[in-house]
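*Asks:* Sharing a structure, written as structure tokens. Questions coming.
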Amino acid sequence: MDVVVTGIGLHSCLGSLAESWQSLQKGKSGIRLMQPFPELPTYPLGMIGNNPANLDELTRIVVKSALKDAGLKTPLPDSGVVIGSSRGCQSTWENLATQYTSNSNWLDSLPHRGAVLAAKIIQTSAPVLSPMAACATGLHAIARAYELIQTGRCQRVITGAVETPITRLSLAGFERLGALAKTGCYPFDKKREGLVLGEGGAVLVLESASLAKARNAHIYGRILGFALTCDAQGITAPESDSRSAAIAIKQCLVRSDLTPDQVDYLHLHGTSTRLNDLHEARLIGHLFPPRISVSSTKGATGHSLGASGAMGVAFCLMALQSGYLPLCVGLNDLVFPLNAVRNQQKNNPQTALCFSFGFGGQNAILAIGKYN
């Protein structure tokens with residue numbers, strides 16, 4: 001059964017889906033030097049506003065945008081929901097720890113908050129799931145939604161991930177790891193210095209092709225396949241030989257009925273850290289031909305952790321739709337043998353893979369293609 005995407009809702013520090021895509025085409029970044037907490041230093045951050053975003057508000061924005069884009073109106077009682085988050089309501093927990101009152105409801109701050117809120121928006125009685133897999137959460141969510149349709153449990157699923165990671169604990173934790181950038185995000189660049197946290201979320205409307213065609217819906221593309229593996233080796237560092245990540249890529253290609261030569265574009269995880277970019281570049285060189293076009297969009301949006309994969313898939317779908325690839329913003333001095341997208345030109349991609357790698361050795365790969 002073909003599973004297609006009929007709606008996209010996205011919001012980042014660059015703005016809406018249309019605004020974010022336009023900025024990516026122009027090589028613009030939404031990252032700014034910010035100091036959201038007076039007790040912490042100034043950092044480059046991908047913040048949507050001048051204050052840390054609210055998870056509930058951001059979830060409502062991307063879910064309603066996706067429904068509007070798909071031409072759907074609520075209630076949708078038979079539509080499934082799979083929306084994840086790696087940080088969830090962490091900012092709420094921090095506030096509860098210091099400002100708890102008798103009116104505080106901690107039940108509204110559990111990790112599945114985004115999925116529950118989306119389910120309430122569409123008023124569904126179908127399956128509601130909330131996967132969590134560190135920075136691979138977004139692709140895990142889309143993969144699970146794809147399975148719900150493939151197995152016949154749902155004909156439509158609202159899926160993706162939302163993240164509001166600008167919190168005291170997140171900044172302090174990544175700082176202690178030595179992973180935070182000081183000036184900006186430069187994926188695969190000689191001067192890359194670490195990741196930049198960014199707020200954002202992306203929600204897709206997945207439908208069986210038969211349902212989409214029956215209602216004459218616009219189709220962005222088709223989910224071809226996915227693969228999920230885990231290094232089971234370290235808490236923060238990737239496997240030294242990237243063996244498990246390579247297995248995920250190979251499995252995804254097989255399940256998608258693709259060979260490496262048939263893939264037109266790779267949306268890379270590209271966090272701008274010394275270790276991740278090195279391992280990812282070696283992985284690509286080992287498995288794909290040198291000509292394959294690649295880019296990371298984190299130099300423009302920052303790293304939205306669990307939502308980054310869902311945002312990456314949204315950008316891949318926009319590439320299939322427009323014929324143009326997103327630029328690798330922040331890349332000036334490429335130090336790896338990669339065919340990085342640095343200038344705007346029409347490529348007309350037919351297929352794309354989106355990569356996500358997370359703490360705990362999480363590896364997630366998802367393939368999409370044009371639907372003809």
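*Asks:* List the relative contact order of segment 241-330 as a percent without decimals, with contacts defined as Cα pairs under 8 Å and 6+ residues apart.
*Replies:* Values: 69 pairs, mean separation 26.8, N = 90.
RCO, segment 241-330: 30 percent.
*Asks:* Here is a follow-up. Which of the trypsin sites (Lys or Arg not before Pro) found in segment 64-123 are in a DSSP loop and have at most 16 neighbouring Cβ atoms, other than their own, within 10 Å? Provide the component values of the computation, followed by the final result.
*Replies:* On the way: sites: K64, K68, K73, R87, R113, K120; in loops: K73, R87.
Sites meeting the loop and neighbour criteria: K73.
*Asks:* May I have the extent of the alpha carbons of segment 247-344 along their three principal axes, as whole Å values ordered from largest to smallest?
*Replies:* Extents along the principal axes: 33, 29, 28 Å.
*Asks:* If the elastic network links every pair of Cα atoms under 10 Å, which of P38, P260, P131 fluctuates the most in the Gaussian network model of the chain?
*Replies:* The residue that fluctuates most here is P38.
*Asks:* Could you give the length gained by full extension between Q150 and K120, i.e. 0.36 nm per residue of separation minus their alpha carbon distance, to one decimal place? All intermediate terms of the calculation are to be shown ahead of the outcome.
*Replies:* On the way: separation 30, 0.36 × 30 = 10.80 nm, distance 2.41 nm.
Value of the extension gain: 8.4 nm.
*Asks:* Work from the charge dipole of segment 3-369 (Cβ charges, +1 for Lys and Arg, -1 for Asp and Glu, about the Cα centre) and give the residue of H269, G160, I292 farthest towards its positive end.
*Replies:* Farthest towards the positive pole: I292.
*Asks:* So what's the Cα pair-distance distribution over the chain, bin width 20 Å, in %?
*Replies:* 33, 60, 7, 0
*Asks:* Students often check this: by mean Cβ neighbours within 10 Å, which of 164-173, 331-340 ranks highest, and how do the rest follow?
*Replies:* Order by mean packing, descending: 164-173, 331-340.
Any read-out appearing in this document is the output of simple, stated calculations on the displayed coordinates, not a laboratory observation. As the structure is a prediction and not an experimental result, all values here were calculated from the model. Cβ: placed from backbone, ideal geometry, glycine included. Neighbour counts: every protein chain shown.
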